[in-house]
Structure formats: structure tokens, C-alpha cells
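Only one structure is covered here, and it is reproduced in the block below.
The values are calculated or read from the model by the stated rules, or taken from the named source; none is laboratory data. Since the model is a prediction, treat every value here as computed from it, not as a measurement. Don't worry about glycine lacking a Cβ; one is built from the backbone with ideal geometry, like all the others, and counts go over all protein chains shown.
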Amino acid sequence: MKKTRHGKSTPDPKDSEGREEELRELARRLSDLDGDALDAQLLVTFREARDSGTVPPDAGFFLVAHILLAMADEAIPEAPQVRELGRELEKMEQDYGLPEDKSWAPGEAPEEWEALCRQYEMACDEARASFFRAYGEAEMAELFLHDRAGFIRHFESGRRFFHGLPMLPDFLN
């Protein structure tokens, strides 16, 4: 940075060129990463933004929660309880003669299927929370499991920092 005669700094064109080359190199390296490595790099970057106060607290919460939810949703189908309950749901649907590409209309599903579906959703939530804990976000895991409204409030507030308008309720889990 160069000082102007009024004491203010202006970007030095040479610094800008170097910074642009650094960003191009970073983009090149990130494009070479596979999905898991890129997610891990984003998690590190988002935590740094949150922990350093670069963004407001809810914005930092959103960044970290968003990448962890994406990572968890890729991993939870492998969770033993989720896999087992998923198989039970499929079997029950077959036993009731529900075609593979169809679903029950609201209120038409058998009660035992509804109960099993709730167990499946709870297992998915626990797997997500376990994923949060495994990546060092125990407080976020507890909020996700025991105060979903609070989790959504922080998440939505942070999302609005970056994206503005509220999400439609259909998109909130």
C-alpha cells in the first residue's frame, strides 16, 4: 500500500497483481481437490472466519453449520442405525405394495410406517449431531438436537447476512 498525501493508503498496483496471482493459485489448488478435501478446506476457512470475528456470530454459525450439514448428509447413509431403519422402511413399503416411485398421500400411510419414519428421522438427526461432535462442534450438536428452533434461528440469521431474503419453510429441516 502506498500513502497518499492525505495519509490514506491506496492499493499498490504491484500488490494487487501479486494478490490476484495468489487467488488464481488458490483457485487452481482448490479445483484439484476432491469433494471431501474441498469440504475440509472450506470448514477450516469458515471456522477461521467465525472464530476471528471476520463475520458476525450468526454469519459464522451459518458458514460452519452449512458445510457440516452438507458433509453430514453425505455421510449419514453409512450410519448403521440409519441404514438399518432405511431398509426396514423399504421392506414395509414393499410389504404394503407401495410402488418404488410412489409415496403415500398425506394421512394415507400406515401408522407403523409413520412411527418407523419418525425413528428414521431421529436416527438421521443423531447421526448429524454425532458428525458435528466428531468435527469439534459439540455445542452446535446439542443445539441441533435439543433446541432446533434456536439452531434454525441462528442459521437463518446467518444465512440472511449473506443471502438476504428468508428461506421458504419447505427448505428448513
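Of all positions in the stretch 28-42, none carries a residue that is surrounded by 10 or more Cβ atoms within 10 Å (Cβ to Cβ), modelled with pLDDT of 90 or more and on the phi < 0 side of the Ramachandran plot. From the set of residues in the stretch 83-97 that are in contact with a helix residue (DSSP H, G or I) (Cβ under 9 Å, 6 or more places away or on another chain), in a helix (DSSP H, G or I) and not acidic (Asp, Glu), which is nearest to SER130 (Cα to Cα)? Residue satisfying both the conditions and the ranking: ARG83. State which residue is modelled with the highest pLDDT when the search covers only the stretch 43-61 and only residues that are buried (at least 18 other Cβ atoms within 10 Å of the Cβ) and farther than 15 Å from GLU139 by Cβ. Taking the candidates together, the pick is ALA59. So is LEU85 more than 13 Å from GLY158 (Cα to Cα), over 17 Å from the mean Cα position of the chain (by Cα) and surrounded by 17 or more Cβ atoms within 10 Å (Cβ to Cβ) or not? Yes.
Residue by residue, here is whether (1) in the same structural domain as PRO57 (by TED's automatic domain parsing); (2) more than 30 Å from VAL44 (Cβ to Cβ); (3) among the β-branched types (Val, Ile, Thr); (4) in contact with a helix residue (DSSP H, G or I) (Cβ under 6 Å, 6 or more places away or on another chain) holds:
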position: ASP73; (1), (2), (3), (4): yes, no, no, no
position: ILE76; (1), (2), (3), (4): yes, no, yes, yes
position: GLN81; (1), (2), (3), (4): yes, no, no, yes
position: PRO99; (1), (2), (3), (4): yes, yes, no, no
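Can you say whether GLU74 is in a helix (DSSP H, G or I), among the acidic types (Asp, Glu) and closer than 29 Å to PHE161 by Cα, as far as the supplied structure shows? For GLU74, the condition - in a helix (DSSP H, G or I), among the acidic types (Asp, Glu) and closer than 29 Å to PHE161 by Cα - is met.
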